[in-house]
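Colleague: If you scroll down you'll find the structure; I have some questions about it.
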């Protein structure tokens with residue numbers, strides 16, 4: 001080992017020193033230990049002394065070598081630094097490009113992450129999946145599936161409303177009723193106190209709740225003594241519960257407005273437990289998902305009683321997709337666009353670096369030919385290449401932070417994303433690393449080229465410049481990426497314009513909505529709950545300015561939806577639809593246009609049938625035109641279709657108007673007095689305070705929340721798409737700038753390389769216009785490559801983001817005009833960028849250009 | 001004992017500029033001394049020093065070659081052709097003293113002999129090292 005150590009120490013001596021003395025040093029260490037094998041201990045002591053002697057003279061060896069003028073790698077680096085200081089413009093150009101690239105990509109991806117898929121901050125989030133199918137899952141279903149699926153740990157949950165009384169004013173809260181292992185499977189740890197224990201889910205256990213950190217701050221004054229307190233909650237299942245814990249500050253609930261979580265204590269198989277749960281969530285035991293998962297799921301579902309039909313449609317959906325929907329694809333496209341912009345900037349950096357280092361090709365070849373080590377030359381060029389890039393990377397990180405700090409001032413809805421907005425250091429490090437690696441690669445390429453070409457050809461090659469074919473191809477790819485990003489950004493804008501013009505089938509600006517919840521025990525029966533809702537509607541209708549009042553269990557124009565399967569008894573096929581439980585007044589309050597049959601009437605005698613009104617899109621496949629009233633079967637039981645209304649946009653604007661069933665709430669007993677009121681009113685005359693007064697007069701304990709006009713709900717429903725398009729537009733601008741820079745740089749380099757040729761042409765009588773045409777020649781190839789690459793990238797992007805487009809598939813002329821506009825803009829920018837250096841080249845004085853070479 | 005002696009090569013302030021200037025380091029002096037009898041390669045110098053001092057002084061690879069480098073830079077030593085009859089190991093470089101090297105060796109030897117005279121006058125050796 002000592003021998004190896006000694007060799008290592010000798011290898012650490014300066015290269016020049018080793019070249020001169022290294023072999024002798026090794027020889028001496030070998031010959032000075034002739035008898036060490038006879039006296040091992042003496043041999044070891046001697047070897048140790050040799051190591052020590054060699055090691056302690058290392059600094060002196062370096063000092064002597066440096067004094068002699070053999071600078072080695074360090075000296076080479078110093079020389080490169082001096083060279084950089086002598087030409088600050090080139091260095092600055094590279095640094096500025098890298099600053100822009102790293103800064104824009106860091107900020108863009110931080111925005112994208114925050115706006116489009118902020119994530120829930122749960123550990124191993126990719127393992128979390130939602131069991132999606134038509135219909136609902138009961139507790140018994142979930143528990144059986146959990147036993148049948150060893151690779152997945154399942155929990156169940158359902159959004160629920162609670163009224164909290166006795167802590168200040170009564171407050172209506174949204175939360176979730178969950179299985180007792182809900183937080184354990186999500187991987188959430190308590191902020192204060194504890195979360196649910198298995199014993200909390202046993203029938204007869206004491207009711208326990210966990211609250212959000214925000215609720216603990218606002219209603220409990222951040223008092224830790226609140227833990228253990230009995231809280232008076234009004235919901236269907238319990239009236240009081242013990243507060244056992246507070247979630248951590250940064251916990252993101254599965255639904256943004258959840259503030260209370262209750263452990264379900266009902267008995268599996270009981271009627272209520274079978275009806276109330278709609279969501280099953282699982283954690284895979286690994287990240288791996290394959291086809292076997294789905295087959296296993298289908299088999300497990302087949303074992304459930306009366307659930308066989310679900311197996312065909314059930315599937316696992318990632319929790320992120322379930323939570324953030326189609327924006328997941330938008331986020332992917334946005335990330336790809338940001339990376340494309342980074343790639344464009346890096347391509348420009350490589351081109352500039354190459355042009356800078358090419359001037360050193362002849363110098364490098366000369367030095368290598370005279371005996372300098374290629375490694376030393378490479379170090380010099382690498383320092384020259386990497387230092388501006390490193391400076392740019394540091395500046396880019398600063399720029400990224402600055403841009404992120406600006407976001408709340410200009411991005412719509414930035415308040416919501418403020419908490420999610422943070423720098424992803426992996427992105428920053430990746431972008432900076434890419435920049436540095438590109439610098440290193442350029443250095444290696446130049447040295448390799450000079451070694452391969454030899455002295456004479458290297459010097460000639462340095463004059464010739466970078467391979468023009470590669471340069472134009474590289475720039476063409478940049479133009480293609482610019483075209484694709486501009487095209488997709490324009491499509492999104494057109495899509496938003498379409499969305500803002502959507503006619504939802506009613507006037508959302510004339511409908512006020514509010515959530516009303518009655519917490520009294522007397523409303524825990526379906527009859528009394530329904531009667532209260534009718535009384536509320538009647539009272540509100542008396543307010544001046546109110547035209548009509550209705551109610552629904554879900555807020556119109558949002559993603560709140562319940563699904564239903566409907567079929568005719570005489571036909572085998574079924575139709576899937578969203579359904580909404582509505583009051584009699586709902587149709588009038590939204591002024592839905594009747595196209596067949598009639599609307600339900602309060603004067604009709606009571607019956608066991610559930611009355612329903614379908615929209616045109618659902619009525620058509622069922623073949624009910626002209627046959628009303630008619631009976632149809634559904635998951636809810638037999639429905640009596642009394643009328644058909646025009647298709648209206650019941651759900652968020654970004655969704656397509658789909659099949660819809662409006663089930664009359666009076667006919668479907670529901671023991672919860674909680675509704676969204678829809679009040680058709682003259683906006684200028686209606687005061688919300690007056691509505692509150694009237695509601696208090698009906699029942700002083702009524703909790704009223706989320707008072708909002710439906711046009712605001714409609715705007716909010718497309719806010720994320722708007723943000724996506726704005727961000728993509730920003731990237732498109734950056735891409736246009738970088739593409740123009742690439743074309744300009746390439747054209748300028750080509751013009752510089754052909755300066756002598758232009759001088760000759762000019763001397764032989766060529767006009768400026770002819771010279772400019774010659775100089776512009778590469779733009780044809782660049783545009784050809786750009787259009788091809790742009791077309792392919794645009795189509796790929798289109799397939800990723802098509803779910804975000806609204807109203808474009810029906811309008812080919814609009815899509816074609818957007819393609820044309822993006823093409824025109826990109827080509828114009830590219831041609832102008834190429835024309836500037838071409839014009840300069842055409843105006844050169846022939847004598848100057850001929851002498852310069 | 002020999003390891004203690006070699007540690008004396010750690011003398012600093014060793015800028016060799018020729019006779020009349022700073023004293024030579026022990027390692028430099030021994031290298032010059034080793035070359036005084038004719039051209040030698042590095043290993044030969046080390047062997048010569050060990051032989052002359054009866055093994056009491058050894059030059060390790062670090063001491064020997066940094067001293068040689070220093071002397072080459074100061075032009076007290078220069079590279080030489082291999083003497084006739086020497087083995088033809090291509091790894092070995094031969095060195096010899098320059099005129100400056102001879103002068104520097106003589107100056108250092110004079111300095112050391114003057115020091116010995118002083119110690120004799122002071123009867124340092126007679127008192128067994130105690131004054």
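Each reported figure results from applying straightforward, stated rules to the coordinates on display, with no laboratory input. All values reported here derive from a predicted model rather than from experimental measurement. All Cβ positions, even for glycine, are placed from backbone atoms using ideal geometry, and neighbour counts span all protein chains on display.
Colleague: Report the percentage of all Cα-Cα pairs in the stretch A:731-801 whose separation exceeds 18 Å, rounded to a whole percent.
Modeller: Result: 54 percent of Cα pairs exceed 18 Å.
Colleague: Computed FRET efficiency, Cβ-Cβ of residue B:56 and residue B:114, R0 30 Å: what is it to the nearest 0.05?
Modeller: 0.85
Colleague: Put a dot 7 Å past each Cα toward the Cβ at residue A:375 and residue A:796; how far apart are the dots in nm?
Modeller: Modelled inter-label distance: 4.0 nm.
Colleague: Per q in 0.23 1/Å, what log10 I(q)/I(0) does a Debye calculation on the alpha-carbon atoms of the stretch A:591-642 return?
Modeller: The computed values of log10 I(q)/I(0) come out as -0.94.
Colleague: Something else: How big is the shadow of the Cα convex hull of the stretch A:481-622, averaged over all directions, in nm²?
Modeller: 14.0 nm²
Colleague: What full-extension length gain, to one decimal in nm, is calculated for residue A:429 and residue A:302 as 0.36 nm per residue of separation minus the Cα-Cα distance?
Modeller: Additional length available on full extension: 40.8 nm.
Colleague: Of all DSSP beta bridges located in the stretch A:596-753, what percent are antiparallel, nearest 5?
Modeller: Around 60 percent of the beta bridges assigned by DSSP in the stretch A:596-753 are antiparallel ones.
Colleague: Moving on. Testing the spin-label approximation: label points 7 Å from Cα along Cα→Cβ at residue B:75 and residue B:125. State their distance in nm.
Modeller: So the label points at residue B:75 and residue B:125 sit 3.8 nm apart.
Colleague: Would you work out if the stretch A:549-630 is rounded, prolate or oblate? Take a ≥ b ≥ c from the square roots of the eigenvalues of the alpha-carbon gyration tensor; rounded if a/c is under 1.5, else prolate when a/b is larger than b/c, oblate otherwise.
Modeller: oblate
Colleague: Provide the three semi-axes, in whole Å and in decreasing order, of the ellipsoid equivalent to the stretch A:565-706 as defined by the square roots of 5 times the Cα gyration tensor eigenvalues.
Modeller: Semi-axes, largest first: 30, 18, 14 Å.
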